[in-house]
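Okay, structure first, notes after.
The values are calculated or read from the model by the stated rules, or taken from the named source; none is laboratory data. Not measured: the values here are computed from a predicted model. No Cβ is skipped: glycine too gets one built from the backbone with ideal geometry, and neighbour counts run over all protein chains shown.
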Number of protein chains: 2
Amino acid sequence: MTDAKPLRADARRNRDALIAKARELFADGRFDLRFDDFAKLAGVGTGTLYRHFPTREALAEAVYREELTAMCDRARELHATLPADEALESFLRGFVDHLHGHEGLARTLATLMATQSGALAEGAQALGQVIDDLLAAAVNAGAIRDDVGAGAVMMALHGICAAYDHPTYRTDADGVITLVLAGLRRGVPAR
Amino acid sequence: MTDAKPLRADARRNRDALIAKARELFADGRFDLRFDDFAKLAGVGTGTLYRHFPTREALAEAVYREELTAMCDRARELHATLPADEALESFLRGFVDHLHGHEGLARTLATLMATQSGALAEGAQALGQVIDDLLAAAVNAGAIRDDVGAGAVMMALHGICAAYDHPTYRTDADGVITLVLAGLRRGVPAR
DNA sequence: CCTATAATTGGAGATTGTCTCCGATTCTAA
DNA sequence: TTAGAATCGGAGACAATCTCCAATTATAGG
């Protein structure tokens, strides 16, 4: 649903160099580097940078796409190997674990979740899809309520991503997950 | 804890004109107008704009400060007149009601919540304080769990604010509140 | 291997938005 | 009324983004 045409050799090389250098810079916290400098530091011209990544967000998306895909894969694996409600809990707890200390990923996810359409929105949609699947399975298993959808859970996760640099981030993020899980379970008639 | 020195007559006039025009523009959805143009349209020089509001965020904060203060007052009023858990529910539901259709307020709150220090952070801190009070009262009344703090609730609200332009905003925001409330209540040993 | 064609490149400079500076103006208090 | 302080306005310095195209590099066909 994405890759269509194979890039020319030099184009691929430059694109990869840009992503690699950007990943390095993001890991180092240099998020608001002058956009043109990503090109300079990667050793390519600014025209090349803009051809491959029209915006700063597009570059960030490319850098973290793999990581996001891995999270989605993990969700599907949990879905396949654990009871539905355990899979859901494990995924959400793992989501916070994974974000913690990875500011670049948190920032990028917050941006993607705020994007409604276009190629950039794909990442958030993929995440929304796996959450929807986990939720549906748990509903089917009778483990959680059915009157609150994946959109609400995504919105809570959006808050977790957007608040990445809060001093009590970890505690609060864990608290949000606790509330979401307990809230989902509470709607089910006490059994 | 804020106002110290009374402004000179012309300064106050200009400041008020800036806020009034900005409120009008925000209400009309013109959020990313060139910053200097807020001055032009309000009929003052750019120097005057920057003297009163060093950043776009500071201007937005001033525009919505009243509204935010009103929300906090309302929380205290509910706190004083309703049982603790009803006050909490009423406040959170009202929060979403109030945000709905007021994109400017939502955007601004999202920005303030992402601000950790400085004068801009005051607004979010005030909101955090009233939520903390509502929560503490509900804990005292034995209505909700005591192992999840106001920071977590604020983080969930942050998500609600940050996702203001999602197509299913209202449904999802209501869902988040439902989860938060149910989650808070679930931690209490079934009574 | 060589060439014709197409894709891609680099980076100078146009464009656009932000912010500063200071002479002119307006206010206030005495 | 006036001296002095506070504020104003807006030209232009500065900074970041983004475009454009002559030069370069890759690829496919002969």
Quiz item: What do you reckon, is B:T55 β-branched (V, I, T) and more than 10 Å from DNA strand C (Cβ to nearest atom)?
Solution: no
Quiz item: Which of (1) assigned to a helix (DSSP H, G or I); (2) closer than 30 Å to B:P54 by Cβ; (3) more than 9 Å from chain A (Cβ to nearest Cβ); (4) β-branched (V, I, T) is the odd one out, the single condition B:I160 does not satisfy?
Solution: (3)
Quiz prompt | Of all residues making up the stretch B:163-191, the number that are assigned to a loop (DSSP other than H, G, I, E, B), within 8 Å of chain A (Cβ to nearest Cβ) and farther than 25 Å from A:R107 by Cα | solution = 2
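Look through A:Q129, A:Q116 and report the one residue that is touching a His at 6+ places or on another chain (Cβ under 8 Å) and surrounded by fewer than 17 Cβ atoms within 10 Å (Cβ to Cβ). Explain how you work it out, then say what you get.
Numbers: A:Q129 fails: touching a His at 6+ places or on another chain (Cβ under 8 Å).
It is A:Q116.
Could you please find all residues in the stretch A:64-88 being outside any helix (DSSP H, G or I) and touching a residue at least 24 places away in the same chain (Cβ under 8 Å)?
We begin by selecting, within the stretch A:64-88, every residue outside any helix (DSSP H, G or I); these are A:82-83.
Result: A:P83, single match.
Just wondering, is there one or more residues in the stretch B:49-57 that are away from chain A (no Cβ under 14 Å) and more than 16 Å from DNA strand D (Cβ to nearest atom)?
First, the residues of the stretch B:49-57 that are away from chain A (no Cβ under 14 Å): B:49-57.
Filter once more, keeping what is more than 16 Å from DNA strand D (Cβ to nearest atom): B:57.
Checking the stretch B:49-57: at least one residue is away from chain A (no Cβ under 14 Å) and more than 16 Å from DNA strand D (Cβ to nearest atom).
Against the condition in the same structural domain as B:A84 (by TED's automatic domain parsing), under 17 Å from A:A162 (Cα atoms) and assigned to a loop (DSSP other than H, G, I, E, B), how does B:T111 come out, does it pass?
Values: in the same structural domain as B:A84 (by TED's automatic domain parsing): yes; under 17 Å from A:A162 (Cα atoms): yes; assigned to a loop (DSSP other than H, G, I, E, B): no.
Criteria not met by B:T111.
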Quiz prompt | Any chance A:G104 is assigned by TED's automatic domain parsing to the domain that holds A:V153 and touching a Lys or Arg at 6+ places or on another chain (Cβ under 9 Å) | solution = yes
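Are any of the residues in the stretch B:40-55 modelled with pLDDT of 95 or more, within 14 Å of the chain's Cα centre (by Cα) and either among the basic types (K, R) or under 28 Å from B:Y169 (Cα atoms) (or both)? Please lay out each step first, then the result.
Within the stretch B:40-55, the subset modelled with pLDDT of 95 or more is B:40-55.
Those still in the list that are within 14 Å of the chain's Cα centre (by Cα) too: none.
Checking the stretch B:40-55: not a single residue is modelled with pLDDT of 95 or more, within 14 Å of the chain's Cα centre (by Cα) and either among the basic types (K, R) or under 28 Å from B:Y169 (Cα atoms) (or both).
When the stretch A:132-149 is examined, which residues are found to be within 14 Å of chain B (Cβ to nearest Cβ) and assigned to a helix (DSSP H, G or I)?
Once the filter is applied, which keeps residues that are within 14 Å of chain B (Cβ to nearest Cβ) and assigned to a helix (DSSP H, G or I), the stretch A:132-149 yields A:D132, A:L135, A:A138, A:V139.
What about A:F26, is it away from chain B (no Cβ under 14 Å), within 20 Å of the chain's Cα centre (by Cα), within 16 Å of DNA strand D (Cβ to nearest atom) and in contact (Cβ under 8 Å) with a residue 60 or more places away in the chain?
Numbers: away from chain B (no Cβ under 14 Å): yes; within 20 Å of the chain's Cα centre (by Cα): yes; within 16 Å of DNA strand D (Cβ to nearest atom): yes; in contact (Cβ under 8 Å) with a residue 60 or more places away in the chain: yes.
Here the answer is yes, as A:F26 does meet what is asked.
Just a yes or no: is a residue in the stretch B:112-127 in contact (Cβ under 8 Å) with a residue 40 or more places away in the chain, closer than 28 Å to B:D28 by Cα and within 9 Å of chain A (Cβ to nearest Cβ)?
Applying the first criterion (in contact (Cβ under 8 Å) with a residue 40 or more places away in the chain) to the stretch B:112-127 yields B:112-115, B:119-120, B:122-123, B:126-127.
After this cut, where a residue has to be closer than 28 Å to B:D28 by Cα as well, the list is B:112-115, B:119-120, B:122-123, B:126-127.
From what's left, within 9 Å of chain A (Cβ to nearest Cβ): B:113-114.
Yes; the residues of the stretch B:112-127 include at least one that is in contact (Cβ under 8 Å) with a residue 40 or more places away in the chain, closer than 28 Å to B:D28 by Cα and within 9 Å of chain A (Cβ to nearest Cβ).
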Self-check item: Filter result for A:A121 (surrounded by fewer than 18 Cβ atoms within 10 Å (Cβ to Cβ) and on the phi < 0 side of the Ramachandran plot)
Solution: yes
Self-check item: Given (1) under 18 Å from the mean Cα position of the chain (by Cα); (2) more than 12 Å from DNA strand D (Cβ to nearest atom); (3) modelled with pLDDT of 95 or more, index of the condition A:D85 fails
Solution: (1)
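When you go through B:D10, B:D28, B:D73 one by one, which is the residue that is of a type outside the set (G, A, S), near DNA strand C (Cβ under 10 Å from one of its atoms) and exposed (fewer than 14 other Cβ atoms within 10 Å of the Cβ)?
Working: B:D28 fails: near DNA strand C (Cβ under 10 Å from one of its atoms); B:D73 fails: near DNA strand C (Cβ under 10 Å from one of its atoms).
Of the residues listed, the single one that is of a type outside the set (G, A, S), near DNA strand C (Cβ under 10 Å from one of its atoms) and exposed (fewer than 14 other Cβ atoms within 10 Å of the Cβ) is B:D10.
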Self-check item: Conditions (1) crowded, with 24+ Cβ neighbours inside 10 Å; (2) among the small types (G, A, S); (3) on the phi > 0 side of the Ramachandran plot: number failed by B:G142
Solution: (1)
